[in-house]
1. Where residues in segment A:97-116 are assigned to a loop (DSSP other than H, G, I, E, B) and in contact (Cβ under 8 Å) with a residue 24 or more places away in the chain, which of them is surrounded by the most Cβ atoms within 10 Å (Cβ to Cβ)?
2. Give the residue that is farthest from A:P98 (Cα to Cα), with candidates limited to residues of segment A:31-42 that are hydrophobic (A, V, I, L, M, F, W, C) and out of contact with any Ser or Thr (no Cβ under 9 Å at 6 or more places or on another chain).
3. Taking interchain pairs and intrachain pairs at least six residues apart, which have beta carbon atoms under 8 angstrom, with the first residue in segment B:323-341 and more than 8 Å from chain A (Cβ to nearest Cβ) and under 18 Å from A:I142 (Cα atoms) and the second part of a loop (DSSP other than H, G, I, E, B) and of a type in the set (A, V, I, L, M)?
4. With the condition kept exactly as written, say whether any residue in segment A:50-60 is without any contact (Cβ under 8 Å) to a residue 40 or more places away in the chain, within 14 Å of chain B (Cβ to nearest Cβ), closer than 28 Å to B:V201 by Cα and assigned to a loop (DSSP other than H, G, I, E, B).
5. Checking A:I119 against (1) over 21 Å from A:N268 (Cβ atoms); (2) in contact with a Gly (Cβ under 6 Å, 6 or more places away or on another chain); (3) touching a residue at least 60 places away in the same chain (Cβ under 8 Å), which test does it fail?
6. Out of the residues in segment B:95-112 that are assigned to a loop (DSSP other than H, G, I, E, B) and within 12 Å of chain A (Cβ to nearest Cβ), which is nearest to the chain's Cα centre (by Cα)?
7. Whether any residue in segment A:68-81 is within 12 Å of chain B (Cβ to nearest Cβ), surrounded by fewer than 19 Cβ atoms within 10 Å (Cβ to Cβ) and touching a residue at least 60 places away in the same chain (Cβ under 8 Å) is what I want to check.
8. With (1) of a type outside the set (S, T, Y); (2) in contact (Cβ under 8 Å) with a residue 40 or more places away in the chain; (3) within 14 Å of another protein chain (Cβ to nearest Cβ) as the list, and A:E350 as the residue in question, which single condition is left unmet?
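The values are calculated or read from the model by the stated rules, or taken from the named source; none is laboratory data. Here the structure is a predicted model, which means the values were calculated and not measured. All Cβ positions, even for glycine, are placed from backbone atoms using ideal geometry, and neighbour counts span all protein chains on display.
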Amino acid sequence: MQWETVIGLEVHLQLATRSKIFSGSPTTFGAEPNTQASAVDLAMPGMLPVLNEQAVRYAVMFGLGIGASIGMRSVFDRKNYFYPDLPKGYQISQFAEPVVGAGKFEIQLEDGGSRQIGITRAHLEEDAGKSLHEDFHGMSGIDLNRAGTPLLEIVSEPDIRNAAEAVAYLKALHSLVIYLGISDGNMAEGSMRCDINISLRPMGSKELGTRAEIKNVNSFRFVERAIRHEFERQAEILESGGRVVQETRLYDADRDETRPMRSKEVANDYRYFPEPDLLPVVIDEAYVEEVRRGLPELPMDKRKRFVEQYQLSAYDASVLSDSPALAAYYETVVRHCSDAKIAANWVQVELMGQLNKHELGINDSPVSAQQLGELIVRILDHSISGKIAKQVFEAMWQGEGNADDIIEARGLKQVSDSGALESMVDEVIASNAAQVEQYLAADEAKRKKLLGFFVGQIMKLSKGQANPQMVNQLLAKKLT
Amino acid sequence: MHTQTVAQLAQGLREKRFSSVELTQHFCSRIEELDPIYNAFITLNKDAALAAAAAADQRLASDNATALTGIPIAHKDIFCTLGLRTSCGSRMLDNFIPPYDATVIKRFNEAGAIILGKTNMDEFAMGSSNENSFYGAVKNPWDQTTVPGGSSGGSAAAVAALLAPAATGTDTGGSIRQPAAFCGITGLKPTYGRVSRLGMVAYASSLDQGGPMAHTALDCALLLNTMAGHDPLDSTSAQDPVQDYTQDLEQPLKGLRIGLPREYFGEGLDPGTGACIQAALQELESQGASLVDINLPNSKLTIPAYYIIAPAEASTNLSRYDGVRYGHRCEDPGDLHDLYTRTREEGFGDEVKRRILVGTYALSAGYYDAYYKKAQQARRLISDNFTAAFEQVDIIAGPTTPGTAFPLGAKSDDPVAMYLEDVYTLAVNLAGLPGISVPAGFVDGKPVGLQLIGRHFAEAQLLNVGHRYQQATDWHQQAPVTGGTL
């Protein structure tokens, strides 16, 4: 049977506010355990939450970023369950009236296509602390530094159909929040975490199958793997005539499998009710407009502009607009060399190849955008060939200076002197009489092929520095 | 000194007739001598109080003293006090020493008032008799075989027995007004949001409100002047400006329209208590007020609505007491579940457990709509009744309680009979209104309280009516102990 996978994602995004969502404690990652937990975070008796306005602003920014309806009145609720890293015994969250309502999100696929993924809602809530089960001799340690860090939980519609789409969705989401500056998006530090709801149905069926929820998957790669594994597991059950059990599962990255969570880890009745310690959050049109005016150019707008302004393919545009820093780099290169196509090529192939190889971010690139632009200028004005340019780029990466300095120092300037070229052409014609015979006897199509041989010989002779265009012209003239 | 009101003591301090140290020492001695009878205090703060009194005397000598500088005040053991045990009447917090002051405490400290000690209360403010305390029941100074009321029973008894000139209390469903009535003192429950809840251990967050308990309306006004005001750290704290509550005390009552809800004078009201209230109303009428019969038709919804909403909020407010970070923790927990269950089984008393169970049930999946949501709808109807009534009248008057203080143990096995004690006081909390109880006579030697209810933020008006009434009567001057009268 052909199965269709139906996937919905819940993303927990830590918002980059300086202080926590309901207390004044700082949110810096990696501090000594329990040094960033105030009396409010510790749920000391009589302590009360005070909402951090910046968290609301960030949520509204996100809502506007996906064109969602904004909850002009949103309400915080208590979600009740006992756990040692949840000091109050309830999490302050939003249930019936979230700050962000339904929206839509376009994702670009690697095959060049795109898809709309529906966003059901996004709501504000507080993060829990961390339970540390190692190093305590059979006991557990509690670190409440993370308790109260603002989270935006972004819930998608079950519109995602495979692992690649899930990853594309997450990457697009990641890109958006980086553009908006509302999160550092650092998945390794848990700034963006993902729960996967996944079910299977026979291809063509409209009904949804029974889903499993895979909790807390923390990297793009793990999301892909967890979905593939869960697909295989559910398909196997269904094909052997079984039924999928609705349950919460855990992706174990070490063993590369999903397994059910112990029932104790799964709370069932959260007894949501409106948080009486906080007033409903009421915002007005003026506030929303003010936030809207402050929004930067969003990735999808930038992508569209790149396609129109620079005639890039949708895929190239989406790669180059992935982060504001990369997009700015690209546009600086274009400004310096005035050729958007070649610039796109160089940024994506040479530059990103090197960055990926060395695991560097765009901001850590040893070659600046201006430097790369100047290099491309030398290709365009025929000072060097594309092949030589790669050598120059390598040298720039090693820190040997600007393109012109390197070309000068290494004597890489293209030979465009017609006298010098002519003597090289003559030499090659003279020492390859047989090929000349062949060439002269051949038809138009074969000649083209054979011409390449002569060009190659001349390039060899010139150590790659001969101006290929002039070589072609000279050969055409001489081989008659 | 103990037979004087706060206003009189403040004048005595200003006129150097006695020092704050002498005053504080005097009350500490009275507590040490007499409180074993009443059990009104959980913790006496003698050493720190005397040190603070010495500092207050210096301040009194300068020119930046306030009306409360040097005045010893007893605080309900629900207000967190920096470095001073705050138990909330529970074994759960028997060992809890807060690293912070409640905003109310901070304000009293800034005014130069002295923290005399922490008063006994029903555990986590749940109760109407002060019998639900880990530290034992409080005895009513007027009749030691009866209860002082609750949950601020220790505060009421301390003021009535002249162990403190004034005290703080909290009122979630009558917990200031009912004990004030039973103990023959004046107690004001301010508008919800008028007094900061920060550092006040939460029982039912949407209902809890701190307020003053003292002999007179004037004293309550003096205390409220310090307690009231916006607190940016309490999101439910009101932004409305605070006035000087002593300013309008003398306003004549001419033209005042007083509403008498038929529902508060019907079945269930003890005739003796009713007679006292009628006499009090005649006094107000004689001062120029007019009496208007009104209806609060949804009064019958009050007790069921309250006993769903308050326990629902309490059930989650009390989840934090899990033995992990502070407070009681059971010995040698086997695992996490054992830690939770034994800690909470040992740390909480019966009434607290009962309300946690009721509240948890009311919020459970499948019951939420039938209970919690219905109760919120009832709350809205109750509130609407008051809004409508206040279009006809300026204030509402009636008995604070159906009868006088009942014997210790009389209702402790019957939660519903106990809950009925609060029939006249609960609606005020559900509607977020201010209410005051003023002494209005005696039945068989036991005090009766007159309850006055005002519009939101009409504290000054309630204090004005209470004060004018006290100018014409001497019920508030009676004392149950040696010394006889104030």
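1. Out of the qualifying residues, it is A:V99.
2. A:A31
3. B:L339/B:V324
4. yes
5. (3)
6. Result: B:A102.
7. There is at least one residue in segment A:68-81 that is within 12 Å of chain B (Cβ to nearest Cβ), surrounded by fewer than 19 Cβ atoms within 10 Å (Cβ to Cβ) and touching a residue at least 60 places away in the same chain (Cβ under 8 Å).
8. The failed condition is (3).
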